[in-house]
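Q: If you scroll down you'll find the structure; I have some questions about it.
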Amino acid sequence: MAIVNTKAIVLSSLKYGDTSLIVSCFTLHEGVKSYLIRGVLKAKKGKIKAAYFQPLTQINIEANHNNKGNLNSLKEVHVINPYKNIYSNIFKQTIVLFLSEILSSSIQEEEENIPLFSFIETSLIWLDTHDNISNFHLLFVLNLSKYLGFYPDVSGIENQYFNLVDGGFTTGTLEKEVIYGDDLYQFKKLLGTNFDTIEEVKFSKRERQQVLSIIIRYFELHLDGFRNPKSLGVLETVFS
């Protein structure tokens with residue numbers, strides 16, 4: 001058992017019994033860790049509050065980490081980078097719910113990945129402080145693939161086809177998982193874009209859904225155990 005002090009991002013929380021939560025966090029130095037927080041749902045005056053464990057809240061924790069694969073325990077929790085309006089803005093709230101599912105499905109390792117942690121941390125601060133966010137989730141998920149090791153190879157970007165399995169542009173279309181035509185045109189709009197130029201990228205409602213379904217398919221093909229997010233329907237409704 002080791003006492004660890006680390007930054008963490010809440011991926012999910014699940015009610016356990018009547019009063020407790022099981023919380024999954026992506027920690028700065030030890031990857032994904034799960035914690036059992038007993039009695040947090042009934043405690044009025046405890047130091048640790050249930051509100052700290054909303055999806056993608058950024059926290060600093062002091063925790064007991066055991067190395068037996070069991071649930072860990074938390075001693076102290078403090079919110080860092082508190083959001084101004086993510087949980088009160090229906091659009092941002094829906095995006096965060098969706099992204100927490102994507103991240104829960106994508107990150108499994110119990111190992112340090114500081115570039116990935118920094119990407120998530122700074123992206124969420126950007127989301128909280130900007131208003132033009134209707135394409136944010138598209139770019140976030142596409143750029144997430146960079147840190148997971150399968151961002152599209154843009155050499156040959158002038159070719160007419162993109163192979164979702166190989167992650168590269170190609171001149172032929174014999175393979176099954178290939179996009180071309182309007183699908184490819186819409187997908188390419190995001191490549192090389194960053195959050196500060198994202199509002200210059202224009203998508204209709206249909207095009208946004210089209211691109212998102214391509215990116216999710218791309219993730220399914222590259223990550224074992226990746227699950228289609230349950231909140232996808234809610235996201236499409238809110239942004240329609």
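Q: Within the stretch 45-101, can you find the residues that are hydrophobic (A, V, I, L, M, F, W, C), under 21 Å from Val141 (Cβ atoms) and open to solvent by 50 Å² or more (accessible area, probe 1.4 Å)?
A: Matches in the stretch 45-101: Ile90, Phe91, Leu97.
Q: I would also like to ask the following. Give the number of residues within the stretch 102-150 that are touching a helix residue (DSSP H, G or I) at 6+ places or on another chain (Cβ under 7 Å) and open to solvent by 60 Å² or more (accessible area, probe 1.4 Å).
A: So the count comes out to 3.
Q: Among the listed residues Leu190, Leu174, identify the single one that is closer than 23 Å to Asn228 by Cβ and either assigned to a loop (DSSP other than H, G, I, E, B) or open to solvent by 50 Å² or more (accessible area, probe 1.4 Å) (or both).
A: Leu190
Q: What are the residue pairs meeting all of these: first residue in the stretch 137-158, first residue among the aromatic types (Phe, Trp, Tyr), second residue at pLDDT 95 or above and surrounded by fewer than 16 Cβ atoms within 10 Å (Cβ to Cβ), Cβ atoms under 8 Å, and 6 or more apart or on different chains?
A: From the stretch 137-158, the pairs are Tyr147/Pro115.
Q: What are the residue pairs meeting all of these: first residue in the stretch 194-215, first residue part of a helix (DSSP H, G or I), second residue surrounded by fewer than 16 Cβ atoms within 10 Å (Cβ to Cβ) and of a type in the set (S, T, N, Q), Cβ atoms under 6 Å, and 6 or more apart or on different chains?
A: Cβ pairs passing all conditions: Glu199/Asn132; Lys205/Ser240.
Q: Any idea which residue in the stretch 22-44 is most open to solvent (accessible area, probe 1.4 Å), counting only those that are farther than 17 Å from Ile80 by Cβ and touching a Phe, Trp or Tyr at 6+ places or on another chain (Cβ under 6 Å)?
A: For the stretch 22-44, the residue satisfying everything is Ile22.
The values are calculated or read from the model by the stated rules, or taken from the named source; none is laboratory data. Just so it is clear, the model here is predicted, and its values are computed rather than measured. Positions of Cβ are backbone-derived with ideal geometry, glycine not excepted, and every protein chain shown enters the neighbour counts. The protein model used for the area step is the full one, side chains on, heavy atoms only, and it has no ligands, DNA or RNA in it. Shrake-Rupley method; radii C 1.70, N 1.55, O 1.52, S 1.80 Å.
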